[in-house]
Amino acid sequence: MFRIFLSILLIIGYFITGEKARAQTCRVNIGVSAEGCTSYMEVFEYDYVSEKPSFPGGDAKMMTFVNEHRRYPREAYSRGVQGRVTCSFVVNTDGSISHISVLRGVEHSLNREAMRVIGIMPPWTPGKIDGKAVPTRVVRSVNFRK
């Protein structure tokens with residue numbers, strides 16, 4: 001009975017909000033005080049927007065940027081560790097990158113390097129809904145091949 005009720009609520013929510021934009025909030029750790037208390041911030045970001053965020057120059061330029069700035073960790077390279085690190089990050093309304101996290105990693109040093117490269121990217125063109133810039137979640141991968 002509860003599943004039916006939940007399904008009905010989801011269907012009603014779909015028709016009320018439509019599929020134009022879907023937003024979510026997530027709780028992000030922003031620091032620890034001297035007393036040891038952890039501070040959090042609620043982040044409101046969109047998964048679906050009418051205009052997607054874009055790297056300056058497009059995806060080809062992004063791959064060039066990644067290839068120019070990626071440094072294969074020496075120990076991982078010598079051990080033959082390779083693969084694709086999939087990261088999630090938020091493109092803010094000013095185009096800056098924040099809230100970088102690894103969704104699917106390979107090995108700690110490769111994961112850390114993928115996050116570093118994404119963190120130094122130049123400002124993106126932000127995602128938009130009805131012409132207004134909104135924070136948008138983006139998922140991209142960084143490849144490591146010998």
**Asked** Quick one: how many Å² of ASP47 are accessible to a 1.4 Å probe, rounded to 10?
**Response** 40 Å²
**Item:** Residue-level accessible surface for ILE120, protein heavy atoms, 1.4 Å, Å²
**Value:** 80 Å²
**Request:** Would you mind listing how long the stretch 59-122 runs along its three principal axes, going by Cα atoms, in whole Å with the largest first?
**Result:** 41, 22, 15
**Backbone HN-Hα couplings from phi across the stretch 85-91 [Karplus 6.51/-1.76/1.60, Hz, Gly and Pro as x]** = 9, 9, 10, 10, 8, 10, 8
**Message:** 7 Å from Cα along Cα→Cβ at both ALA60 and LEU103: what's the point-to-point distance in nm?
**Reply:** 2.5 nm
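The values are calculated or read from the model by the stated rules, or taken from the named source; none is laboratory data. Computed from a predicted structure; not experimentally measured. Here the Cβ is made from the backbone with ideal geometry for all residues, glycine too, and neighbour counts use every protein chain on show. Keep in mind that these areas ignore ligands, DNA and RNA; they rest on the heavy atoms of the full protein, side chains included. Shrake-Rupley method; radii C 1.70, N 1.55, O 1.52, S 1.80 Å.
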